[in-house]
Amino acid sequence: MSESANRQNDNQADDSIHLQQVGGVYRLTLNRPQRLNALTREMLSRISDALADIAADAGARLLVITGAGRAFSAGQDLTDKGAIEDGRACRNTVERYYNPVIRQIHSLELPVVAAVNGIAAGAGVSLALACDIVIAVDSAAFDIAFARIGLIPDAGGTHQLQRLLGPARARALAMLGEKLAAPEAARLGLIHRAVADDTFEAEVNALAQRLAEGPTRALALMKQAFHAGDHHSLEQQLALEAELQAQAADSEDFAEGLAAFLAKRAPRFKGM
Ligand code: T3D
């Protein structure tokens with residue numbers, strides 16, 4: 001993908017993220033490998049700007065978030081003193097820099113894949129879990145590191161860990177500040193899949209292609225329904241599904257999907 005990128009927004013002054021685009025597929029790479037892609041406020045602002053650009057692109061079909069080097073992200077950069085020097089600074093960092101990024105990922109009207117290429121720690125775990133599908137290399141780990149430095153999981157961490165792992169495991173892992181190896185994370189349902197390191201790139205590309213060729217509008221509506229299901233009753237969810245299904249059924253892709261089924265051919269979805 002990187003070879004044929006037709007758009008790259010790299011900024012000479014700050015190279016902490018790379019955003020590449022090929023057709024409707026975006027790839028956002030966290031790019032501070034010497035610091036294991038630890039997150040600074042500047043970097044989070046750039047991620048937020050990139051997400052806003054993607055949201056504004058009507059032709060966008062998929063976003064992949066990954067890391068450069070041997071890590072996905074080691075979470076908050078613990079040398080970014082102004083971000084964490086006291087409670088006031090931490091609140092500001094969480095509210096102004098982390099939370100908007102998590103909300104933007106949730107509300108992006110396309111699938112977002114976290115391609116976890118190595119260790120994810122602290123808010124790096126929260127960032128990965130905010131994505132719709134998480135695929136990781138076998139050698140990666142999800143390190144719920146917060147308690148080791150006297151903090152709590154943030155950036156949606158408590159929400160996602162408890163929801164995905166169940167309260168018993170989530171609380172123990174968080175309170176003990178422990179890590180889960182990627183294959184174990186997959187076995188417990190924290191992530192979608194862990195794959196062999198040497199096939200990771202090919203697996204990510206295949207997943208990306210498949211999703212990018214999917215019915216993007218329906219996938220976005222699905223995402224909306226799953227998020228709402230976190231807090232809805234069955235009755236509320238039944239009503240929402242009826243509403244969202246009506247929207248899906250009005251899409252061009254549904255007409256194409258149905259026509260393709262009846263003609264016994266593969267559908268060619270346009271994402272609208
Ligand atoms: O305001 C707020 O509330 C902020 C929000 C906070 C949310 C959080 O994310 S809190 C959690 C922050 N993250 C951590 O506590 C994890 C810290 N890192 C580690 O525990 C370990 O580095 C890892 C387990 C992730 C990996 O260990 P290892 O042995 O593979 O690598 P390493 O040697 O520790 O790290 C390599 C380099 O990256 C090293 O620098 P050096 O010595 O080569 O110059 C290390 O200091 C640096 N690094 C790793 N993590 C961070 C970091 N630098 C800054 N911030 C980091 N988070």
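Taking the range 143-165, which residues are on the phi > 0 side of the Ramachandran plot and open to solvent by less than 10 Å² (accessible area, probe 1.4 Å)?
Ala155
A residue that is among the acidic types (Asp, Glu) and more than 25 Å from Gly24 (Cα to Cα) cannot be found anywhere in the range 106-123. Would you check if Ala68 is assigned by TED's automatic domain parsing to the domain that holds Asp198 and touching a residue at least 24 places away in the same chain (Cβ under 8 Å)? For Ala68, the condition - assigned by TED's automatic domain parsing to the domain that holds Asp198 and touching a residue at least 24 places away in the same chain (Cβ under 8 Å) - is met.
For Thr199, indicate whether it is within 16 Å of the ligand (Cβ to nearest atom) and free of Cβ contacts under 8 Å to residues at least 24 places away in the same chain. No.
Please work out if Arg163 is more than 22 Å from Gln209 (Cβ to Cβ), more than 11 Å from the ligand (Cβ to nearest atom) and in contact with an Asp or Glu (Cβ under 7 Å, 6 or more places away or on another chain).
Working: more than 22 Å from Gln209 (Cβ to Cβ): yes; more than 11 Å from the ligand (Cβ to nearest atom): yes; in contact with an Asp or Glu (Cβ under 7 Å, 6 or more places away or on another chain): yes.
Here the answer is yes, as Arg163 does meet what is asked.
Here's the yes/no breakdown for (1) part of a helix (DSSP H, G or I); (2) closer than 25 Å to Val125 by Cα; (3) more than 16 Å from the ligand (Cβ to nearest atom); (4) not assigned by TED's automatic domain parsing to the domain that holds Gly23:
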residue: Thr158; (1), (2), (3), (4): yes, yes, no, no
residue: Ala174; (1), (2), (3), (4): yes, yes, no, no
residue: Glu203; (1), (2), (3), (4): yes, yes, yes, no
residue: Lys223; (1), (2), (3), (4): yes, yes, yes, yes
residue: Ala228; (1), (2), (3), (4): yes, yes, yes, yes
residue: Ala242; (1), (2), (3), (4): yes, no, yes, yes
residue: Ala248; (1), (2), (3), (4): yes, no, yes, yes
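Residues that are touching a residue at least 40 places away in the same chain (Cβ under 8 Å) and open to solvent by less than 40 Å² (accessible area, probe 1.4 Å) do occur in the range 263-271, at least one of them. Of the helices (runs of 4 or more DSSP H) contained entirely in the range 29-142, those carrying at least 1 residues that are open to solvent by less than 10 Å² (accessible area, probe 1.4 Å) and more than 8 Å from the ligand (Cβ to nearest atom) fall at 41-56, 99-107, 123-129.
Restricting the range 5-19 to residues that are out of contact with any Ser or Thr (no Cβ under 6 Å at 6 or more places or on another chain) and modelled with pLDDT of 95 or more, the residue that is nearest to the ligand (Cβ to nearest atom) is Ser16. Inspection of the range 210-229 identifies at least one residue that is touching a helix residue (DSSP H, G or I) at 6+ places or on another chain (Cβ under 9 Å) and of a type in the set (Val, Ile, Thr). Of all residues in the range 181-190, exactly one satisfies the criterion of being under 14 Å from Gly118 (Cβ atoms) and outside any helix (DSSP H, G or I), namely Ala181.
Residue pairs whose Cβ atoms lie under 7 Å apart, separated by 6 or more positions or on different chains, with the first residue in the range 128-152 and charged (D, E, K, R) and the second open to solvent by 20 Å² or more (accessible area, probe 1.4 Å), are Asp138/Pro183; Asp138/Ala194; Asp138/Ala196; Asp138/Asp197; Asp143/Ile119; Asp143/Lys179.
Confirm whether Leu207 is open to solvent by less than 50 Å² (accessible area, probe 1.4 Å) and either assigned by TED's automatic domain parsing to the domain that holds Asn117 or closer than 30 Å to Asp138 by Cβ (or both). Taking the combined requirement at face value, the residue satisfies it.
The values are calculated or read from the model by the stated rules, or taken from the named source; none is laboratory data. Given the structure is predicted, the values throughout are model-derived calculations rather than measurements. In this analysis, Cβ positions are derived from the backbone assuming ideal geometry, glycine residues included, and neighbour counts consider all displayed protein chains. Heavy atoms of the whole protein, side chains included, go into the accessibility calculation; ligands, DNA and RNA do not. Shrake-Rupley method; radii C 1.70, N 1.55, O 1.52, S 1.80 Å.
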